[in-house]
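Below is one structure, written out as structure tokens; the observations come after it.
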């Protein structure tokens, strides 16, 4: 019995010992887990804009006793679990977010990319002479607006709100000036553009003689003794009933055409005038019982013609040291295009251009190395000269000089070629230009008096707008994926718009279902796969290749053949206004100009 009692007491004692041991274990503190940071951006990259606050609020687990540290550029910028970042400079910022608790620590690197504010940017392509519209006629104002996603438009005529759409139709019957204002607002701010619109009875007749180049000081024209000069005024807004009356030194002459072929009787200075009369019967009306508006609108333009010397007396013969290639770029004024203002990509390093002289230096360096000089869209041109006169001899298989381009099978970008003699003897290309006729000369679809005005875009990375003298409008597309310079508008053109005039060929570009094709013209154009390449190669690698030209193809403005014995200057000008999808605008490229009479 006692033995059983003793065993029972021993069992109870062991039980109590184990129970006490478990109580001691439950009283020991459990280990504290470390913090865990989770970002709501899988990449750890956040994006905001200058001036726009960004709240960084990482999710943190196990935060008991936590201390927080935000570090930027090794400097502590915050000590809370949330950090509000309000950048005022664009760029990439790297924050280190650290959480420390009794259980340990954790950290994450957070990148914030800050871009510029994307304010709306309004761009209107405006004529240099101002906006003139005809009374009681609809005109649709359709601006280019950058960053216009979810933007609000407000149009005002004077102080009155007149529209809230992306375009506005203007129609006023009363003559005079109107203030048209557009305000565009997005989440980042607003832009405002105000235009003065003049309502007129009809677009004004404009008649003028143009300078032959940027270097010309005036419109004076020179002609050699016993020579002929064709005088052609530039005319805009003329009707179908337009007539012409020419006079020399005040005496009316027989010519009744737009082009006057003047043959001075001898050396001297002659004042030549043309009176352009536009008779539109629709304008004839009675203003009052005593006043009647007739149908007649008149404009007069005058030019000085100086006859001097003989042609061969100004000839500069080539010598043993004469260079075959052109030795100077006198002017380089391209139309806007994807290769304009692109210097590093063209192998020019940090070369920049802000003046016409620098533009000429750029082009000259390129030509010296037989590297392309792009003329941009329609009308863009380059003028070169030689250290001698280029003889009209046909010594090189019937040709006189060559222009290097990079046309290949399916890619012709024709350039019209003009030539000039230094008649006034000042060494500058400021005399009369003669077109070298090509296969498209005289065809109905070829526009001999074509003009395109290009307009500076209001912001970076925008299309360049244009309008022509045929009533058409369009844009030179900005192709950011391929050419991302700030603008395709020439940086050295200080005006907000400029006009290029020349001959426009009918475009032959087309999409064949897989690629864009710029088909060739038969002959007579630079950067073209014509018969005057004197080669049967299709030039698959788009290597520089010559096209050859004859001075004997030079024609007067009235279409008659000239008889130039030589030339001193050559001008190449993009001759098509077209674009081919992702390839961009059709633009003539020039690599060199060479006199084939020298070193051959």
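If you wrap the tightest convex hull around every Cα atom of segment 310-408 and split its volume per residue, you get 154 Å³. When both segment 125-179 and segment 465-513 are represented by their alpha-carbon centers, they are found 23 Å apart.
Taking a ≥ b ≥ c as the square roots of the eigenvalues of the Cα gyration tensor, segment 471-585 is oblate, since a/c reaches 1.5 or more and a/b is not larger than b/c. Sequence-distant contacts, meaning Cα pairs under 8 Å at least 6 residues apart, place the relative contact order of the chain at 13 percent. Gyration tensor analysis over the Cα atoms of segment 383-422 returns equivalent ellipsoid semi-axes of 24, 14, 9 Å (largest first, whole Å).
Working note: Debye formula, equal point scatterers on the alpha-carbon atoms of segment 40-180, no solvent; log10 I(q)/I(0) at q = 0.10 Å⁻¹ is -0.58. Residue-normalised convex hull volume from the C-alpha trace of segment 305-364: 159 Å³ per residue. In terms of Cα atoms, the Rg and Dmax of segment 85-153 work out to 24.9, 82 Å. The value given for segment 102-141 is a Kirkwood hydrodynamic radius of 17.1 Å, derived from the mean inverse Cα-Cα separation.
Which log10 I(q)/I(0) values does segment 121-200 give at q = 0.15, 0.26 Å⁻¹ under the Debye formula, counting every alpha carbon as one identical point scatterer? Taking Cα atoms of segment 121-200 as identical point scatterers yields -0.52, -1.35. When the alpha-carbon atoms of segment 41-115 are used, the pair Rg, Dmax equals 12.7, 39 angstrom. One way to sum up the overall shape of segment 338-496 is the equivalent ellipsoid from its Cα gyration tensor, whose semi-axes run 29, 21, 17 Å, largest first.
Take each peptide in 149-158, 516-525, count the other Cβ atoms within 10 Å of every residue, and average; sorted highest first, the result is 516-525, 149-158. Annotation: the residues 569, 141, sorted from fewest to most other C-beta atoms within 10 Å of their own C-beta, follow the order 141, 569. Against the chain, whose longest principal axis comes from its Cα atoms, helix 356-368 is set at around 90 degrees. Tell me the mean residue ellipticity at 222 nm calculated for the chain from its helices only (DSSP H runs of n ≥ 4, each -39500 (n - 2.57), averaged over every residue, nearest 500). Rounded to the nearest 500, it is -2000 deg cm²/dmol. With R₀ fixed at 22 Å, the C-beta to C-beta distance from residue 111 to residue 88 puts the FRET efficiency at about 0.75. Dividing the convex hull volume of the alpha-carbon atoms in the chain by its residue count gives 280 Å³ per residue. Translational diffusion coefficient of segment 535-600 (Stokes-Einstein, Kirkwood radius from Cα pairs, 4 °C, 1.567 mPa s): 84 µm²/s. With respect to the chain, whose longest principal axis is taken over its alpha-carbon atoms, helix 2-27 is tilted by about 30°.
Just so you know, all these numbers are worked out from the coordinates, no wet-lab data involved. Source: prediction; values computed, not measured. Here Cβ is always computed from backbone atoms with ideal geometry, including for glycine, and neighbour counts include all displayed protein chains.
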